[in-house]
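The values are calculated or read from the model by the stated rules, or taken from the named source; none is laboratory data. These figures come from a predicted structure and were not determined experimentally. A quick note on method: Cβ atoms are made from the backbone with ideal geometry, for glycine too, and the neighbour counts reach across all protein chains shown. The accessibility values were calculated without ligands, DNA or RNA, using every heavy atom of the protein model including side chains. Shrake-Rupley method; radii C 1.70, N 1.55, O 1.52, S 1.80 Å.
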Amino acid sequence: MKFPRKLAATALGIAAFFLCLLLLVVLANTYLIQSDTVAALTMREMQSRDDIELAFVGSSIVRDHFNVQLISEQTGMNAFNATVPCASLPASIAITKELYRTNSPEWTVLVVEPYTFQTPREDTEAEYKLMPFLTDWRNKLEYYLRLCDEDGYYIDRLFIFREFGAKSFSDVAKTIGLRHWPKETYARLKKTMDPAVSYEGGGFLRYTTDERADKLVRESVFREYTGYYYELFDKSKAELLEYKALCEANGSKLLILLSPNLTAHALAEPGFLEYGESLMRFCRDNGIPCYNFIYAKPEFMPRLDSYYFDLYHMVGEGADILSDAFCRFFAMFTAGEDVSGLFYENTAAYLDSIDFITNAWITQYKPGSKWNLAWDQDEATVTAAAQTHDVFMADGNRGAQVTPEYRFVLLEEDGSETLLQDYSTNTLYLCEPGALDGRTIRLYARPQGQTDADPQWFELTVGKESTLIDRDKSRIM
């Protein structure tokens with residue numbers, strides 16, 4: 001009889017150990033972790049309200065681009081942005097479940113972008129910013145298991161405080177304050193925060209910076225070639241159907257929007273437009289209203305490229321324009337009017353509408369390199385030329401009907417330019433091997449026939465290692 005008692009005591013001891021370990025992990029992931037100030041303010045405000053009638057759900061593209069004060073005024077409905085940065089479909093499902101605990105919105109607007117569907121896996125950044133604020137244990141567990149089911153990182157995601165843990169006592173104080181006294185903590189923190197950003201309430205973050213994304217676009221948004229067919233993953237389809245069922249079960253009408261983005265992305269990113277087309281097809285087949293604001297006609301909503309301060313987020317003026325356009329669209333849509341005329345019919349029509357070059361670049365041809373051939377280059381011609389010359393190729397992102405003209409110049413040390421090859425549709429510049437090593441070439445690009453157009457430009461220092469910006473790392477979703 002003694003052996004079973006010892007065995008039972010051992011089992012109880014092991015169970016108690018793991019229970020204490022679990023409680024410590026939960027405590028660490030709640031209070032010993034870095035906090036996103038705006039995410040904390042958003043979640044706490046959402047949990048304290050019960051009057052939300054129109055909810056926008058998604059990542060920071062929702063947080064930064066939907067002015068809920070303007071939308072509430074124009075629609076007559078209490079609007080709210082239920083968001084955390086980097087949120088993909090798993091986080092959107094968890095946020096919406098949390099939203100429905102205290103609110104019963106008439107409309108739930110799920111805002112996505114093509115990046116949402118590049119992978120079913122969700123970034124760990126979304127997890128550490130959202131998980132501490134989920135109040136329902138079942139929702140918390142389902143979210144955790146959903147994330148781990150895709151990447152298998154059960155331990156890493158459970159002990160996420162190891163990667164995103166607080167770095168100082170002030171970090172811990174900030175986390176505790178934002179969790180229990182969010183408004184007071186934000187008032188104290190705001191004095192030390194970037195004055196270009198301001199939390200306006202309702203989950204809306206307004207940017208008032210003069211910075212623009214021109215340099216980022218010029219240095220990092222090139223065209224990539226993969227040969228891959230971009231279709232929604234089966235898991236993405238299953239989660240979209242789950243989201244539809246979640247809204248229906250809570251008496252909320254679902255509307256899906258594809259958020260606008262930089263035209264340069266639409267022309268350069270692999271699968272950017274294709275994923276949007278795939279989503280539209282899936283939604284049509286499953287009775288989900290879905291509209292692509294990337295295809296908005298300029299008479300409905302002007303292109304917003306000039307309002308982006310980085311590759312993915314707009315300043316407040318851009319958010320106002322998008323929000324106003326949404327209100328006009330929403331009024332027509334909810335009144336049962338035909339809104340199809342507000343958007344280009346398909347990808348071809350959208351590409352035909354772009355009559356400019358967003359950006360251009362030069363690459364030195366090196367067989368087997370990442371940027372091997374430009375858009376319209378014949379490989380045999382380029383390879384043959386490279387046998388006796390250094391070959392420099394011009395390329396650019398542009399509309400489907402645009403024929404680019406390129407001008408190559410050599411930048412001198414005093415800033416003056418020496419013409420190498422004047423404007424023409426010739427995309428190649430050839431020179432003697434090594435003649436330009438260490439020198440800087442500048443490329444100008446303009447649409448053929450638009451001699452008065454401001455040209456796009458790009459500089460390449462021959463022989464210098466590429467310093468291209470990693471687009472994924474520059475993203476603050």
>> Tell me which chymotrypsin sites (Phe, Trp or Tyr not before Pro) from region 375-414 have a DSSP coil assignment and no more than 15 other beta carbons within 10 Å of their own.
In response: Trp375
> Counting only protein heavy atoms and using a 1.4 Å probe, what share of the accessible area of the chain belongs to carbon plus sulfur, as a whole percent?
Replying inline: 53 percent
>> How large is log10 of I(q)/I(0) for region 244-284 at q = 0.16, 0.23, 0.32, 0.33 Å⁻¹ when the intensity is taken from the Debye formula with one equal scatterer per alpha-carbon?
In response: -0.55, -0.81, -1.08, -1.11
>> Modelling each spin label as a point 7 Å along the Cα-to-Cβ direction, I'd like the Lys235/Ala400 distance in nm, to one decimal.
In response: 3.3 nm
> If you wrap a convex hull around the C-alpha atoms of region 360-459 and split its volume per residue, what is the figure in Å³?
Replying inline: 105 Å³
>> Using only the Cα atoms of region 1-115, what are the Rg and Dmax in Å?
In response: 21.1, 76
> How would Glu405, Glu211, Glu417, Glu299 rank on accessible area, largest to smallest, probe 1.4 Å?
Replying inline: Glu299, Glu211, Glu417, Glu405
> Mind checking the log10 I(q)/I(0) for region 30-75 at q = 0.17, 0.32, 0.34 Å⁻¹? Debye, one equal scatterer per Cα, no solvent, two decimals.
Replying inline: -0.60, -1.33, -1.32
> Once label points are set 7 Å from the Cα along Cα→Cβ at both Arg49 and Asp194, what is their separation, rounded to one decimal in nm?
Replying inline: 2.4 nm
>> Let me check something: with ligands and nucleic acids excluded, how do Met332, Met77 order by accessible area (1.4 Å probe), largest to smallest?
In response: Met332, Met77
> How big is D, in µm² s⁻¹, for region 92-234 by Stokes-Einstein at 37 °C and 0.692 mPa s if Rh is the Kirkwood radius over C-alpha pairs?
Replying inline: 174 µm²/s
> In deg cm²/dmol and to the nearest 500, what is the mean residue ellipticity at 222 nm of the chain if only DSSP H runs of at least 4 residues count, each as -39500 (n - 2.57), divided by the residue total?
Replying inline: -12500 deg cm²/dmol
> Hey, rough spin-label estimate for Ser170 and Glu73, points 7 angstrom out along Cα→Cβ, what's it come to in nanometres?
Replying inline: 3.7 nm
> Here are some pairs, Lys215/Lys297; Lys129/Lys167; Lys97/Lys140; Lys97/Lys253; Lys97/Lys129; Lys97/Lys244; which of them have Cα atoms lying more than 18 Å apart in this structure?
Replying inline: Lys215/Lys297
> If you wrap region 289-405's Cα atoms in a convex hull and average its projection over all directions, what's the area in nm²?
Replying inline: 10.0 nm²
>> Using Cα-Cα distances under 8 Å and only pairs 6 or more residues apart, what relative contact order does the chain have, in percent?
In response: 16 percent
>> Could you compute Rg(Cα) / (2.2 N^0.38 Å) for region 406-461, with N its residue count?
In response: 1.16
>> Tell me the Rg and the Dmax, in Å, that the Cα atoms of region 1-41 produce.
In response: 18.0, 59
> Rounded to the nearest whole Å², what accessible area per residue is found for the chain with the 1.4 Å probe?
Replying inline: 47 Å²
> Over the chain, what is the percentage of antiparallel beta bridges among all DSSP beta bridges, to the nearest 5?
Replying inline: 65 percent
> Sorting Phe333, Phe80 by accessible area (1.4 Å probe), largest first, what list results?
Replying inline: Phe333, Phe80
> Among all cysteines in the chain, which have no other cysteine Cβ under 4.7 Å from their own Cβ?
Replying inline: Cys20, Cys86, Cys148, Cys247, Cys327, Cys431
> In the P(r) worked out for region 250-343, what percent of Cα pairs fall beyond 15 Å?
Replying inline: 64 percent
>> Within the chain, which whole H helices from DSSP have a Cα span along their axis of at least 30 Å and a mean Kyte-Doolittle hydropathy of 1.0 or more, if any?
In response: 2-31
> Whole-Å semi-axes of the chain's equivalent ellipsoid, largest first, each the root of 5 times a Cα gyration tensor eigenvalue?
Replying inline: 45, 29, 22
>> Could you tell me the extents of region 155-243's C-alpha atoms along the three principal axes, largest first, rounded to whole Å?
In response: 51, 41, 28
> Tell me, what is the 1.4 Å probe accessible area of Asp171, in Å² to the nearest 10?
Replying inline: 40 Å²
